[in-house]
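S.K.: Following this message is one structure expressed as structure tokens.
The values are calculated or read from the model by the stated rules, or taken from the named source; none is laboratory data. Since we're looking at a predicted model, the values are computed, not measured. Cβ coordinates were reconstructed from backbone atoms using ideal geometry, including for glycine residues, and neighbour counts include every protein chain displayed. Note: accessible area is taken over every heavy atom of the protein model, side chains too, but ligands, DNA and RNA are not part of it. Shrake-Rupley method; radii C 1.70, N 1.55, O 1.52, S 1.80 Å.
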Amino acid sequence: MTRVQLLVGTPKGAFILETDAARRDWTTRGPLCEGWPIHDLIVEPGSGAILAAGGSAWYGPAVWRSEDLGATWTHSSSGLAYGDGVDPIATVWSLATTPDGALLAGVQPAGLFRSEDRGATWSHVEGLSNHPTRSTWEPGAGGLILHSIVPHPTDADRTWVGISAVGVFETQDKGASWEPRNKGVRADFNPEPNPVTGQCVHKLAAAAGEPETLYQQNHCGVYRSEDGGANWTELTPGLPSQFGFPMVTHPRDPATAWVIPMNGDDKGRYMPEARAAVWRTHDRGANWIRADAGLPQQDAYLTVLREAMARDTLDPVGVSFGTETGQLWHSADGGESWDLLTADMPPIWSVEAAVLDA
């Protein structure tokens with residue numbers, strides 16, 4: 001029996017929504033993780049464990065782990081610290097797994113940590129923090145955060161990360177050294193519009209089956225790279241705005257992706273004209289299709305944050321997104337039409353989808 005879970009992170013804990021393969025009737029559990037603020041959730045391949053990234057104003061950062069589909073949880077912050085003389089870590093923003101079974105955690109202030117023991121202990125990936133450009137890193141409006149982690153699907157030595165407002169970096173030696181990957185990405189707010197670093201990447205995602213093909217939603221446009229981030233091509237034409245946060249790619253088709261444009265940094269950061277829509281491409285960003293069936297078309301002052309959009313792996317693909325005002329929307333037909341699952345959640349910081357086969 002196939003089950004689908006939506007793993008939702010909020011400032012008041014994690015929530016799990018569950019349904020069967022039809023994706024019509026959903027149940028909800030939560031708040032979980034003792035009500036800690038949760039920025040990201042993932043499922044660990046192989047074990048099926050759920051991992052949650054968070055941070056408490058009182059207790060600091062931690063990564064939570066559940067071995068029983070969210071019924072019970074443990075957490076650890078062992079090693080999640082920079083050391084004396086460096087600003088303390090406020091929270092863990094993002095999680096990812098590598099092909100060799102390690103866990104990666106992106107934190108605020110921006111840095112990367114690695115765990116070889118399923119999240120029990122963490123070690124600082126110092127090569128990134130010691131990058132020669134580090135003294136020039138500046139925060140975005142949400143802070144200086146490492147929010148996107150994209151491990152290569154087969155090469156454990158290679159990983160890409162996205163940092164706001166710094167840009168994309170790649171390592172090819174398991175984190176010992178890093179190279180900026182921002183050529184062709186605009187930074188309109190910068191005196192130098194095409195700096196080596198200083199771009200405000202909002203979300204980075206990989207194309208299915210093509211490890212060198214990456215997509216990103218940036219503060220200044222949507223982009224695609226077909227050479228591992230060495231060069232980027234802008235895909236913004238056809239969208240109502242260059243500004244947005246989430247970017248989701250199809251689990252099997254490298255030409256398909258979804259974005260949710262906002263009306264701009266200086267205009268409230270909500271959906272253009274207060275008309276809700278999700279935009280998708282089936283040709284690598286050459287053309288964009290607007291889909292709004294089931295979504296509100298007036299007074300929709302909705303904001304969707306960078307982690308708050310996900311897709312499952314069924315056919316057709318299910319797509320979900322959550323808003324800062326607590327609405328959770330779902331599409332069971334690849335983003336063509338939408339249903340409101342709930343309007344009563346805390347602000348939704350993140351959404352992840354998992355398919356479980358009993």
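S.K.: Over region 250-320, what is the relative contact order in whole percent, taking alpha-carbon pairs under 8 Å and six or more residues apart?
M.R.: 29
S.K.: Using the C-alpha gyration tensor of region 244-358, what are the square roots of 5 times its eigenvalues, in whole angstrom, with the largest one first?
M.R.: 21, 17, 12
S.K.: With a 1.4 Å probe and every protein chain kept in, tell me what percent of the accessible surface of region 9-54 is carbon plus sulfur.
M.R.: Looking at region 9-54 in its full context, I get 50 percent from C and S.
S.K.: At what distance in nm do the modelled label points of D227 and D100 sit from each other, each positioned 7 Å from its Cα along Cα→Cβ?
M.R.: Calculated label separation equals 2.8 nm.
S.K.: Quick one: which residues, 5+ away or cross-chain, put their amide H under 5 Å from the amide H of V351? H built at 1.01 Å from N.
M.R.: Under 5 Å from the amide H of V351: G9, A308, M309.
S.K.: Taking K and R as +1 and D and E as -1, what net charge do the other residues with C-beta under 14 Å from the C-beta of T159 add up to?
M.R.: Net charge around T159: -3.
S.K.: How large, in percent, is the carbon and sulfur part of the accessible surface of region 191-306 at a probe radius of 1.4 Å?
M.R.: 49
S.K.: While we're here: Determine, for the chain, the count of lysine pairs separated by eight or more sequence positions (or lying on different chains) whose alpha-carbon distance falls under 24 Å.
M.R.: 5
S.K.: Separate question: What relative contact order, as a whole-number percentage, does the chain give when Cα pairs under 8 Å and 6 or more residues apart are counted?
M.R.: 12
S.K.: For the chain, what is the accessible area per residue in Å² when the probe is 1.4 Å?
M.R.: 39
S.K.: A follow-up question, please. Please work out whether region 114-194 counts as rounded, prolate or oblate from its C-alpha gyration tensor, where a ≥ b ≥ c are the square roots of the eigenvalues and a/c under 1.5 means rounded, while otherwise a/b larger than b/c means prolate and anything else oblate?
M.R.: It is prolate, given that a/c is not under 1.5 and a/b is the larger ratio.
S.K.: Give the peptides 143-156, 24-37 in descending order of average Cβ contacts within 10 Å, highest first.
M.R.: 143-156, 24-37
S.K.: Next question, about the same structure. Which value in deg cm²/dmol, rounded to the nearest 500, describes the helix-derived mean residue ellipticity at 222 nm for the chain, given -39,500 (n - 2.57) per DSSP H run of n ≥ 4 and division by the residue count?
M.R.: Theoretical 222 nm ellipticity from helices: 0 deg cm²/dmol.
S.K.: Return the sequence-ordered ³J(HN,Hα) values of region 163-170 in whole Hz as given by the Karplus equation 6.51 cos²θ - 1.76 cosθ + 1.60 applied to θ = phi - 60°, using x for Gly and Pro.
M.R.: 10, 9, 9, 10, x, 9, 10, 10
S.K.: Another one. What net charge is computed for the residues neighbouring G209, neighbours being all others with C-beta under 9 Å from the C-beta of G209, Lys and Arg scored +1, Asp and Glu -1?
M.R.: Neighbourhood net charge equals -1.
S.K.: Output wanted: per-residue J couplings in Hz (rounded whole) for region 348-353, from phi through Karplus 6.51 cos²θ - 1.76 cosθ + 1.60, θ = phi - 60°, x for Gly and Pro.
M.R.: Residue by residue, region 348-353 yields 8, 8, 8, 9, 9, 10 Hz.
S.K.: If you average the C-alpha positions of region 178-192 and of region 230-268 separately, how far apart do those two centres end up, in angstrom?
M.R.: Each part reduced to its Cα centre gives a spacing of 17 Å.
S.K.: Just how far, in whole angstrom, is region 42-63 from region 277-349 if you go by their alpha carbon centroids?
M.R.: The distance from the Cα centre of region 277-349 to that of region 42-63 comes to 24 Å.
S.K.: Pairs of Cα atoms under 8 Å, at least six residues apart: use those to get the relative contact order of region 13-85, whole percent.
M.R.: Over region 13-85, the number comes to 20 percent.
S.K.: Along the charge dipole of the chain, pointing to its positive end and built from +1/-1 on Cβ of Lys, Arg, Asp and Glu, which listed residue (Q216, A49, P99) has its Cα farthest out?
M.R.: So the residue we want is Q216.
S.K.: Kirkwood Rh and Cα-based Rg: tell me the resulting Rg over Rh for the chain, rounded to two decimals.
M.R.: For the chain, the value is 0.93.
S.K.: Using the Karplus curve 6.51 cos²θ - 1.76 cosθ + 1.60 with θ = phi - 60°, what ³J(HN,Hα) values do you get for each residue of region 173-185, in whole Hz, with x for Gly and Pro?
M.R.: 3J(HN,Hα) across region 173-185, in whole Hz: 9, 6, x, 5, 9, 9, 10, x, 10, 10, 5, x, 9.
S.K.: Another question, then. In units of 2.2 N^0.38 Å, what is the alpha-carbon radius of gyration of region 127-168?
M.R.: So the Cα radius of gyration is 1.27 times the expected 2.2 N^0.38 Å.
S.K.: Here's another thing I want to ask about it. When the dipole is taken about the Cα centre of region 244-358, and only Lys, Arg (+1) and Asp, Glu (-1) are charged at their Cβ, what size is it in debye, to the nearest 20?
M.R.: 320
S.K.: Here's a follow-up. Need one number: nm distance between label points at K12 and V86, each 7 Å from Cα along Cα→Cβ, rounded to one decimal.
M.R.: Modelled inter-label distance: 3.5 nm.
S.K.: Roughly how many debye, to the nearest 20, is the charge dipole of the chain about its Cα centre, given +1 on each Lys and Arg Cβ, -1 on each Asp and Glu Cβ, and no other charges?
M.R.: 400
S.K.: A follow-up question, please. Counting each pair of different Cα atoms once, what's the Kirkwood radius of region 305-344 in Å, rounded to one decimal?
M.R.: For region 305-344, the Kirkwood estimate is 10.2 Å.
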